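The values are calculated or read from the model by the stated rules, or taken from the named source; none is laboratory data. Source: prediction; values computed, not measured. Note that each Cβ is placed from the backbone with ideal geometry, even for glycine, and that neighbours are counted across all protein chains shown.
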Amino acid sequence: MKILATDTFFKSLRKLSRDNMWYMRLYHLVRYDIPSFFSNLYSFRMELWHFKHWDSSYNLSLLKRSLELTCDNLERYGHEVDESRLKKIAKIKRTIELLNNHAEDNFIEQAEKEIGKEVVSGWDFVTDEKHPGLSRMVDKATPEEQAVNAKIFDRARQMEDEQWKELFSILQGQEPMPPSPPGQSFDDNRKAWEDYYDGSGMKGWWD
């Protein structure tokens, strides 16, 4: 077998060699890396301002912001075909929603909306007859109201656990697609993949 190399090949080699020279690395640093750093600094300014290293909620806030940027890029500039791109966008938006729910800890509000009732705050301070000058907290809610409160709190805890598991299920992605039947055409393979793929799997969220 005879192998031929064209001028384009040697030009590519020269370019690769030149890109490794110190002056080209300096050029990329000034032209791309430093502007990118300040652009990222601006994009994450609120998350960095509030970040604390002792609470995982701040880690999640950085993930949430990065996914917002990725989602916006896929929506506005994505080159991928819509059959898979739109599924990715939908899963990323759901992930952002789940992260936001945990950040705001709004599961009681979600449970109230689902059940159709609100928590009754029956707690109040009353004078403690046995200890003059002191007060104690008592629950003035009726037994019926206490039962509703308990139902809402239980559902809120359940929703928090369900959404936490859903969050990491989306990030992890699907199980590998089953092998295609022998002899199946390329178009059929592609259609089977489009039907199977649901957009989850953080490793695939790129363009």
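All but one of (1) farther than 25 Å from residue 161 by Cβ; (2) touching a residue at least 60 places away in the same chain (Cβ under 8 Å); (3) in a helix (DSSP H, G or I); (4) of a type outside the set (Ser, Thr, Tyr) hold for residue 90, so report the exception by its number.
Result: residue 90 passes all but (1).
Any residue at all in region 110-127 that is within 30 Å of residue 66 (Cα to Cα), modelled with pLDDT under 90 and either outside the structural domain of residue 77 (by TED's automatic domain parsing) or in contact with a Lys or Arg (Cβ under 9 Å, 6 or more places away or on another chain) (or both)?
No; the residues of region 110-127 include none that is within 30 Å of residue 66 (Cα to Cα), modelled with pLDDT under 90 and either outside the structural domain of residue 77 (by TED's automatic domain parsing) or in contact with a Lys or Arg (Cβ under 9 Å, 6 or more places away or on another chain) (or both).
I'm trying to understand the selection: among the residues of region 125-161, which are more than 44 Å from the chain's Cα centre (by Cα) and not in a loop (DSSP other than H, G, I, E, B)?
126, 127, 135
Output yes when any residue across region 20-28 is assigned by TED's automatic domain parsing to the domain that holds residue 102 and surrounded by 13 or more Cβ atoms within 10 Å (Cβ to Cβ), and no when none is.
In the first step, residues of region 20-28 are kept if they are assigned by TED's automatic domain parsing to the domain that holds residue 102; the result is none.
No.
Just to be sure I understand, how many residues within region 170-207 are surrounded by 12 or more Cβ atoms within 10 Å (Cβ to Cβ), in contact (Cβ under 8 Å) with a residue 24 or more places away in the chain and either aliphatic (A, V, I, L, M) or not in a loop (DSSP other than H, G, I, E, B) (or both)?
Residues meeting the conditions: 6.
Name the one entry in 69, 62 that is in the same structural domain as residue 140 (by TED's automatic domain parsing), more than 30 Å from residue 144 (Cβ to Cβ) and touching a Leu at 6+ places or on another chain (Cβ under 9 Å).
Details: 69 fails: touching a Leu at 6+ places or on another chain (Cβ under 9 Å).
Step by step, each of 69, 62 is checked, and only 62 is in the same structural domain as residue 140 (by TED's automatic domain parsing), more than 30 Å from residue 144 (Cβ to Cβ) and touching a Leu at 6+ places or on another chain (Cβ under 9 Å).
If you take the residues in region 121-157 that are farther than 27 Å from residue 100 by Cβ and hydrophobic (A, V, I, L, M, F, W, C), which one is surrounded by the most Cβ atoms within 10 Å (Cβ to Cβ)? Write out each step before concluding.
Within region 121-157, the first condition is being farther than 27 Å from residue 100 by Cβ, and the residues that meet it are 122-147.
Subsequent filtering for residues that are hydrophobic (A, V, I, L, M, F, W, C) retains 123, 125-126, 134, 137-138, 141, 147.
Numbers: 123: 10, 125: 10, 126: 10, 134: 10, 137: 9, 138: 12, 141: 17, 147: 11.
The selected residue is 141.
Tell me, yes or no, whether region 32-45 has at least one residue that is modelled with pLDDT of 70 or more, outside any helix (DSSP H, G or I) and either in the same structural domain as residue 105 (by TED's automatic domain parsing) or within 39 Å of the chain's Cα centre (by Cα) (or both). Reasoning before the result, please.
Initial filter on region 32-45 (modelled with pLDDT of 70 or more): 32-45.
Of the ones still in play, those that are also outside any helix (DSSP H, G or I) are 44.
Still in the list and also either in the same structural domain as residue 105 (by TED's automatic domain parsing) or within 39 Å of the chain's Cα centre (by Cα) (or both): 44.
Checked region 32-45: at least one residue is modelled with pLDDT of 70 or more, outside any helix (DSSP H, G or I) and either in the same structural domain as residue 105 (by TED's automatic domain parsing) or within 39 Å of the chain's Cα centre (by Cα) (or both).
Within the set of pairs 6+ apart or on separate chains, which have a first residue in region 141-154 that is farther than 9 Å from residue 119 by Cα, a second that is modelled with pLDDT of 90 or more, and C-beta atoms under 6 Å apart?
The qualifying pairs do not exist here.
Consider only pairs whose beta carbons are under 9 Å apart and that are at least six residues apart or on different chains; among these, list those whose first residue lies in region 53-74 and is touching a residue at least 12 places away in the same chain (Cβ under 8 Å) and whose second residue is of a type in the set (Phe, Trp, Tyr) and exposed (fewer than 12 other Cβ atoms within 10 Å of the Cβ).
Cβ pairs passing all conditions: 70/206; 74/206.
Do we have residue 157 as basic (Lys, Arg) and free of Cβ contacts under 8 Å to residues at least 12 places away in the same chain here?
Values: basic (Lys, Arg): yes; free of Cβ contacts under 8 Å to residues at least 12 places away in the same chain: no.
For residue 157, the condition - basic (Lys, Arg) and free of Cβ contacts under 8 Å to residues at least 12 places away in the same chain - is not met.
Which of the residues spanning region 48-79 are more than 17 Å from the chain's Cα centre (by Cα) and either assigned to a helix (DSSP H, G or I) or of a type in the set (Val, Ile, Thr) (or both)? Let's see the steps before the verdict.
Applying the first criterion (more than 17 Å from the chain's Cα centre (by Cα)) to region 48-79 yields 48-55, 76-79.
Result: 48, 49, 50, 76, 77.
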